[in-house]
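What follows is a single structure, written as structure tokens, with notes after it.
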Amino acid sequence: MKHMLLTILAGAFLVLAGCEISAIQGSEVFNETVQVEKDDAEELDVALTLGAGELQLEGGSSEWLTGDIRYKPKRLKPEITYTRSGETGIITLNQKKKVDISEMDNEWDIQLTNKVPIDLTVHAGASSSVLNLAGMHLEKVNIESGVGELTVDMSGDWKQSFAVNLDAGVGDTTIIVPNETGVIIEAEMGLGETSFKDFISKGDGIYVNKAYTTADTIITIHTNMGIGATTFEMEK
């Protein structure tokens, strides 16, 4: 227990945040910079929970996580934590408070590292989310969207297979996948319209791309469709 406490305390010093306040139309808007510094973790477990607003996520961070968050009112301030479980670093960025959407301003611009394997979980409520996963070292991805628009871009050259679980809500969803990496989609259809552009149907809700039969690297996507238009398309 003493060793675990020391590990958690050490992790706390790796989380940095700075905040400045500006005024827009008479309301305070908070601009906060967040950062989780690199340590000797060999893999990461990252969970992002956005109640409502806009989320932009991409790779390329020089640390484990960097980002800029703009929010109002003050009670929308997100909580960020970093702890360790053995060789795994655990990052949570969580917004617990709920407010009337008409009274709020909430924008997250987050970058993750490309250097170590990541188990990524994203919970997005009433939001517009763009997840550009290209270049990340992904082990597993879980995405749960509520109401709004969602784009998940997995373009690029992938060296390692991984699985994606997508639970779509209400709104338009676009999934972009690579041409050269094998892709298999296991789709549970919802009430909306679903389009599989340039995919091959294998029946029973299973679709593959042309590279699937010969590729060494496979992205497996399990989707539970919601209400709205969902489009699967190849990278351009």
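Below, the figures for the structure above:
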{"read-out": "Subset of the range 211-228 (residues that are assigned to a loop (DSSP other than H, G, I, E, B) and exposed (fewer than 14 other Cβ atoms within 10 Å of the Cβ))", "value": "Thr214, Asp216"}
{"read-out": "Only listed residue being in contact with a helix residue (DSSP H, G or I) (Cβ under 6 Å, 6 or more places away or on another chain) and touching a residue at least 12 places away in the same chain (Cβ under 8 Å), chosen from Glu186, Glu144, Glu180, Glu139", "value": "Glu180"}
{"read-out": "Test for Gly190: is it over 16 Å from the mean Cα position of the chain (by Cα) and of a type in the set (Gly, Ala, Ser)", "value": "yes"}
{"read-out": "Total residues in the range 85-103, condition modelled with pLDDT of 85 or more, under 20 Å from the mean Cα position of the chain (by Cα) and loosely packed, with under 14 Cβ neighbours inside 10 Å", "value": "0"}
{"read-out": "Residues satisfying the stated conditions in the range 136-155, i.e. surrounded by fewer than 17 Cβ atoms within 10 Å (Cβ to Cβ) and part of a loop (DSSP other than H, G, I, E, B)", "value": "none"}
{"read-out": "Hey, Asn114 of a type outside the set (D, E, K, R) and surrounded by fewer than 17 Cβ atoms within 10 Å (Cβ to Cβ) or not", "value": "yes"}
{"read-out": "Pick from the range 121-135, criterion modelled with pLDDT under 95 and of a type in the set (S, T, N, Q), ranking: farthest from Asp157 (Cα to Cα)", "value": "Ser127"}
{"read-out": "Flag if Tyr82 is assigned to a strand (DSSP E or B), closer than 20 Å to Pro117 by Cβ, among the aromatic types (Phe, Trp, Tyr) and modelled with pLDDT of 90 or more", "value": "yes"}
{"read-out": "Unmet criterion (only one of (1) under 10 Å from the mean Cα position of the chain (by Cα); (2) closer than 25 Å to Thr88 by Cα) for Val130", "value": "(2)"}
{"read-out": "Test: residue in the range 196-210 that is buried (at least 18 other Cβ atoms within 10 Å of the Cβ), under 22 Å from the mean Cα position of the chain (by Cα) and under 21 Å from Lys140 (Cα atoms)", "value": "no"}
{"read-out": "Unmet requirement for Asn106, which otherwise passes all of (1) at pLDDT 95 or above; (2) assigned to a strand (DSSP E or B); (3) more than 17 Å from Asp45 (Cβ to Cβ); (4) among the polar types (S, T, N, Q)", "value": "(1)"}
{"read-out": "The range 61-84, residues that are in contact with a Phe, Trp or Tyr (Cβ under 7 Å, 6 or more places away or on another chain) and within 25 Å of His137 (Cα to Cα)", "value": "Gly67, Ile69"}
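The values are calculated or read from the model by the stated rules, or taken from the named source; none is laboratory data. Since this is a predicted model, take the numbers as computed values, not measurements. No Cβ is skipped: glycine too gets one built from the backbone with ideal geometry, and neighbour counts run over all protein chains shown.
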